[in-house]
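Only one structure is covered here, and it is reproduced in the block below.
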């Protein structure tokens with residue numbers, strides 16, 4: 001599917017607020033509500049929209065410590081990757097987990113209550129895992145930018 005300016009604007013508005021109504025989108029981009037509905041359905045079926053979710057205020061939930069953790073494993077076997085993946089999927093504090101190139105195997109983004117909770121997560125969950133060789137953590141002092149939306153001009157696809 002080739003996206004036009006209406007599709008790009010529609011995606012942009014949805015990234016700003018996924019609960020925005022079709023009528024409001026239509027008013028903002030110059031389409032009828034039914035045209036917006038058809039375009040959204042097409043973007044969903046073509047895989048451009050994977051789903052809709054609420055943005056959680058972690059501070060309000062008492063999870064005010066935001067940290068990134070780099071993890072290196074002892075080895076790079078299929079089983080060690082699978083075991084580590086199982087560990088990460090069992091850890092509710094992990095918001096995002098990425099496999100990396102470079103000096104670390106994984107990057108984890110975690111939200112926890114405080115430094116003690118971070119210390120417990122690192123010491124009792126990550127370092128206690130037999131496949132984990134090294135853990136390095138960085139605590140976020142301030143979020144300078146936490147943009148969930150993407151500008152329409154960034155969506156210029158061939």
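Of the conditions (1) surrounded by 17 or more Cβ atoms within 10 Å (Cβ to Cβ); (2) closer than 30 Å to residue 12 by Cβ, residue 147 fails just one. Which one is it?
Unmet for residue 147, out of (1) surrounded by 17 or more Cβ atoms within 10 Å (Cβ to Cβ); (2) closer than 30 Å to residue 12 by Cβ: (1).
What tally of residues in the range 1-20 results from selecting those that are in contact with a helix residue (DSSP H, G or I) (Cβ under 8 Å, 6 or more places away or on another chain) and loosely packed, with under 13 Cβ neighbours inside 10 Å?
Qualifying residue count, the range 1-20: 1.
Write out, first by first residue and then by second, each pair whose Cβ atoms fall under 8 Å of each other, whose residues are 6+ apart or on separate chains, and whose first residue, in the range 30-50, is assigned by TED's automatic domain parsing to the domain that holds residue 10 and farther than 11 Å from residue 10 by Cβ while the second is surrounded by fewer than 14 Cβ atoms within 10 Å (Cβ to Cβ) and at pLDDT below 95.
Once the first residue is assigned by TED's automatic domain parsing to the domain that holds residue 10 and farther than 11 Å from residue 10 by Cβ and sits in the range 30-50, its partners that are surrounded by fewer than 14 Cβ atoms within 10 Å (Cβ to Cβ) and at pLDDT below 95 give 46/1.
The values are calculated or read from the model by the stated rules, or taken from the named source; none is laboratory data. The model shown is predicted, which means the values in this text are computed figures rather than measured ones. No Cβ is skipped: glycine too gets one built from the backbone with ideal geometry, and neighbour counts run over all protein chains shown.
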